[in-house]
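Student: First the structure, which I've put down as structure tokens, then a few questions once you've had a look.
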Amino acid sequence: MQKLINEIKKTSGDMARRGWAESNGGNISLRLNEENYAFFNEFQPKSEMIKLPMGMPEIAGERFLVTGTGRFLRNIEVFPEKNIGVIEIDNMGKNWQLLWGYEPVGAPTSELPSHLLSHCRIKAKSDNQSFAFIHTHPNSVIALTYAVANLDTRSLSKLLWQSHAECVVVFPQGIEFLPWVMAGSMDLGIATADAMTKRNLAVWQFHGICGCGRNLDEAFGRIDVAEKAAEICLRVMAAGGVKQTLSDAQLRAIAANFNCPLDETLF
Ligand code: 2HA
Ligand code: ZN
């Protein structure tokens, strides 16, 4: 458990220092693996059963470490027990209750629908190997959703792939582009979870990005590479626009060289 807390401290601290987590912006969830799950076996629930906005049988019985609503990611390093909590989903996948954290009182992130619904999908698609989900507010990704006209999943994925040669390796399935939807809503949760069935990253227009991975490093790394590509793209635009770029053939060659399953429908 201490190892897990150290991991979330490192990731949240890095997010804050990158400028991705102003005020209470951004949130993190980690599904507990077998080792950490058992740590909470003897804990008494700290809350009533609280109804989930929809049934989630895929994650029935699972436990999650989740950052708290209104809490600042930058404070997790200093006071983890105040800013993160561990929740348990009941055996029907219909309710949750608090086992630990959010001292003295608190609740999980307002983006809980996106986190839990995405965990349903990423657990299934990864054959139970993916445990981490991050939502955050990186400047360049957000700026790009204002600066480029008519963005969609195809144009955004292609633009980022071409802006940094690492991108096809790190996110060969591309990035889902989700037009603006109200933060914290079920609609946003459902759209994000749908995106996670196909891809490991989803951009929320005018708001931020979500990423999943086997662990926090993998989820963070995917977002980090996308943000770097977005920053390069904006710098190129500011420097007068693209004069040359990676060709489709070059993108395919990079993906093939590293054995990456490129989503050909995005070309
Ligand atoms: O937790 O990032 O999207 C604050 C947010 C809402
Ligand atoms: Zn947000």
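The values are calculated or read from the model by the stated rules, or taken from the named source; none is laboratory data. All of these numbers come straight from a predicted model, not from anything done at the bench. Cβ: placed from backbone, ideal geometry, glycine included. Neighbour counts: every protein chain shown.
Student: Does any residue of region 145-152 turn out to be modelled with pLDDT of 95 or more, more than 18 Å from Ile28 (Cβ to Cβ) and within 16 Å of ligand 1 (Cβ to nearest atom)?
Tutor: There is at least one residue in region 145-152 that is modelled with pLDDT of 95 or more, more than 18 Å from Ile28 (Cβ to Cβ) and within 16 Å of ligand 1 (Cβ to nearest atom).
Student: While we're looking at this one, here's another question. Kindly indicate the residue of region 34-73 that is among the small types (Gly, Ala, Ser) and within 16 Å of ligand 1 (Cβ to nearest atom) and also surrounded by the most Cβ atoms within 10 Å (Cβ to Cβ) among those meeting that condition.
Tutor: Among them, the one singled out is Gly68.
Student: Which members of region 117-134 meet the condition of being within 16 Å of ligand 2 (Cβ to nearest atom) and more than 16 Å from Asn24 (Cα to Cα)?
Tutor: Leu117, Ser118, Phe133
Student: Among residues belonging to region 189-225 that are assigned to a strand (DSSP E or B) and among the hydrophobic types (A, V, I, L, M, F, W, C), point out the one that is farthest from Tyr146 (Cα to Cα).
Tutor: Looking at residues that are assigned to a strand (DSSP E or B) and among the hydrophobic types (A, V, I, L, M, F, W, C), I get Cys212.
Student: Then there's this: From the set of residues in region 108-134 that are among the small types (Gly, Ala, Ser) and buried (at least 17 other Cβ atoms within 10 Å of the Cβ), which is farthest from Ile209 (Cα to Cα)?
Tutor: Ser130
Student: Here's something else I'd like to know. Tell me, please, whether a residue that is under 19 Å from the mean Cα position of the chain (by Cα), among the basic types (Lys, Arg), modelled with pLDDT of 95 or more and over 19 Å from Ala147 (Cα atoms) can be found in region 250-261.
Tutor: Within region 250-261, none of the residues are under 19 Å from the mean Cα position of the chain (by Cα), among the basic types (Lys, Arg), modelled with pLDDT of 95 or more and over 19 Å from Ala147 (Cα atoms).
Student: If you don't mind, another one. Do the conditions hold for Glu88, that is, is it away from ligand 2 (no atom under 16 Å from the Cβ) and outside any strand (DSSP E or B)?
Tutor: So Glu88 fails the test.
Student: I would also like to ask the following. Looking only at residues that are within 18 Å of Glu88 (Cβ to Cβ) and in contact (Cβ under 8 Å) with a residue 12 or more places away in the chain in region 119-131, which one is farthest from ligand 1 (Cβ to nearest atom)?
Tutor: Lys123
Student: Also: Tally the residues that are exposed (fewer than 14 other Cβ atoms within 10 Å of the Cβ), assigned to a helix (DSSP H, G or I) and not acidic (Asp, Glu), restricting the search to region 226-249.
Tutor: 3
Student: For region 138-176, which positions are within 17 Å of the chain's Cα centre (by Cα), surrounded by fewer than 19 Cβ atoms within 10 Å (Cβ to Cβ) and not in a helix (DSSP H, G or I)?
Tutor: Matches in region 138-176: Gln173 only.
Student: Does any residue of region 38-54 turn out to be within 16 Å of ligand 2 (Cβ to nearest atom) and not in a loop (DSSP other than H, G, I, E, B)?
Tutor: Scanning region 38-54 turns up no residue that is within 16 Å of ligand 2 (Cβ to nearest atom) and not in a loop (DSSP other than H, G, I, E, B).
Student: Still on this structure: Could you run through region 203-224 and say how many residues are of a type in the set (A, V, I, L, M, F, W, C), away from ligand 2 (no atom under 12 Å from the Cβ), out of contact with any Phe, Trp or Tyr (no Cβ under 7 Å at 6 or more places or on another chain) and within 22 Å of Ser163 (Cα to Cα)?
Tutor: Number of matching residues: 2.
Student: Moving on to the next point. Across region 88-118, what is the total count of residues that are in contact with a helix residue (DSSP H, G or I) (Cβ under 9 Å, 6 or more places away or on another chain), hydrophobic (A, V, I, L, M, F, W, C) and free of Cβ contacts under 8 Å to residues at least 40 places away in the same chain?
Tutor: Count: 2.
Student: I need a count of the residues in region 250-263 that are out of contact with any Cys (no Cβ under 9 Å at 6 or more places or on another chain) and surrounded by 11 or more Cβ atoms within 10 Å (Cβ to Cβ).
Tutor: Of the residues in that region, 9 qualify.
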